[in-house]
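Undergrad: Here's a structure for you.
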Amino acid sequence: MEGPAVRITTRVGAHESPTAIVESIKGLFPEFQPENQIDNAKFPRKEVWSEIYGDGGTIEYFIQTLREQRILDTGMDAMTMDSNENSTLFRLSRQASIVGKVGFVLEGESTLGGHFEVLLELPGLISWIEKATDHEGRKHVPRAVGDGYGMEMDGTSREWND
């Protein structure tokens, strides 16, 4: 199953290490290749905020991490909150990713250490996400994007399974 194009973007403050930020992104997207370089200049840098962006490579490692951490349903919900049939945008914690953990950052939240944005694009992306996050438990408790059983926009769970 061919995966989506992955584009990653993050803001870098004058007080932050661009090298450490790239390494944190590579904790979940090891093939990430930034298209621009920000020098690790002495503090303070002239620009208060800069941006690092580039191709994230494949999403296979990220999906495998969701599987290993047993958060495939959460991943499906969080990855599709801001989506349409062919693209989606979601945010991940840089602090969690530096140790290879997935920490979704919901819209309006801030997180210690910042976050990076992941843009996925593929015709039929929603179906692809459902298949990529499938697991044995869905045979007993079926789930699909937009089924009304996913988490709320603020991250709270919906009580639905008695």
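Undergrad: Being surrounded by fewer than 20 Cβ atoms within 10 Å (Cβ to Cβ), of a type outside the set (Val, Ile, Thr) and more than 13 Å from the chain's Cα centre (by Cα): is that true of Glu16 here?
TA: Details: surrounded by fewer than 20 Cβ atoms within 10 Å (Cβ to Cβ): no; of a type outside the set (Val, Ile, Thr): yes; more than 13 Å from the chain's Cα centre (by Cα): yes.
No.
Undergrad: Take the stretch 22-31 and flag every residue that is among the hydrophobic types (A, V, I, L, M, F, W, C) and either assigned to a helix (DSSP H, G or I) or closer than 10 Å to Gly57 by Cα (or both). Give the steps one after another, and end with the answer.
TA: Applying the first criterion (among the hydrophobic types (A, V, I, L, M, F, W, C)) to the stretch 22-31 yields 22, 25, 28-29.
Val22, Ile25, Phe29, listed by residue number.
Undergrad: Condition first: part of a helix (DSSP H, G or I) and either closer than 27 Å to Gln37 by Cα or free of Cβ contacts under 8 Å to residues at least 24 places away in the same chain (or both). Now tell me which residues in the stretch 52-68 satisfy that.
TA: Glu60, Tyr61, Phe62, Gln64, Glu68
Undergrad: Is it the case that the stretch 32-45 has a residue that's part of a loop (DSSP other than H, G, I, E, B), more than 21 Å from Val145 (Cβ to Cβ) and modelled with pLDDT of 95 or more?
TA: Checked the stretch 32-45: at least one residue is part of a loop (DSSP other than H, G, I, E, B), more than 21 Å from Val145 (Cβ to Cβ) and modelled with pLDDT of 95 or more.
Residues are listed down the side, and each one gets a yes or a no for (1) of a type outside the set (Asp, Glu); (2) touching an Asp or Glu at 6+ places or on another chain (Cβ under 7 Å):
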{"position": "Glu51", "(1), (2)": "no, no"}
{"position": "Gly54", "(1), (2)": "yes, yes"}
{"position": "Arg67", "(1), (2)": "yes, no"}
{"position": "Ser93", "(1), (2)": "yes, no"}
{"position": "Ser97", "(1), (2)": "yes, no"}
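Undergrad: Something else: When the stretch 80-95 is examined, which residues are found to be closer than 22 Å to Val22 by Cβ, of a type in the set (A, V, I, L, M) and touching a Phe, Trp or Tyr at 6+ places or on another chain (Cβ under 9 Å)?
TA: Residue satisfying the conditions is Leu92 alone.
Undergrad: Restricting to the stretch 69-107, name every residue that is part of a helix (DSSP H, G or I) and over 13 Å from Thr133 (Cβ atoms).
TA: Initial filter on the stretch 69-107 (part of a helix (DSSP H, G or I)): 72-79, 94-97.
The answer is Arg94, Gln95, Ala96, Ser97.
Undergrad: Can I ask one more? When you go through (1) of a type in the set (S, T, N, Q); (2) more than 22 Å from Ser24 (Cα to Cα); (3) free of Cβ contacts under 8 Å to residues at least 60 places away in the same chain one by one for Thr80, which number turns out not to apply?
TA: Here Thr80 clears every test but (3).
Undergrad: For Thr111, indicate whether it is under 11 Å from the mean Cα position of the chain (by Cα) and at pLDDT below 95.
TA: It is false that Thr111 is under 11 Å from the mean Cα position of the chain (by Cα) and at pLDDT below 95.
Undergrad: In addition: When the stretch 1-19 is examined, which residues are found to be in a loop (DSSP other than H, G, I, E, B) and closer than 24 Å to Asp134 by Cα?
TA: Answer for the stretch 1-19, where residues must be in a loop (DSSP other than H, G, I, E, B) and closer than 24 Å to Asp134 by Cα: Met1, Glu2, Gly3, Pro4.
Undergrad: Any idea which of (1) within 13 Å of the chain's Cα centre (by Cα); (2) surrounded by fewer than 18 Cβ atoms within 10 Å (Cβ to Cβ); (3) among the hydrophobic types (A, V, I, L, M, F, W, C) is the one Val141 doesn't satisfy?
TA: (1)
Yes or no, residue by residue, for (1) touching a strand residue (DSSP E or B) at 6+ places or on another chain (Cβ under 8 Å); (2) of a type in the set (Asp, Glu); (3) over 24 Å from Ala14 (Cα atoms); (4) crowded, with 16+ Cβ neighbours inside 10 Å:
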{"position": "Gln64", "(1), (2), (3), (4)": "no, no, yes, no"}
{"position": "Glu68", "(1), (2), (3), (4)": "no, yes, yes, no"}
{"position": "Ile71", "(1), (2), (3), (4)": "no, no, yes, yes"}
{"position": "Thr74", "(1), (2), (3), (4)": "yes, no, yes, yes"}
{"position": "Gly100", "(1), (2), (3), (4)": "no, no, yes, no"}
{"position": "Glu117", "(1), (2), (3), (4)": "yes, yes, no, yes"}
{"position": "Ile126", "(1), (2), (3), (4)": "yes, no, yes, yes"}
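The values are calculated or read from the model by the stated rules, or taken from the named source; none is laboratory data. As the structure is a prediction and not an experimental result, all values here were calculated from the model. With ideal geometry, Cβ positions are generated from the backbone for all residues, glycine too; neighbour counts draw on all protein chains shown.
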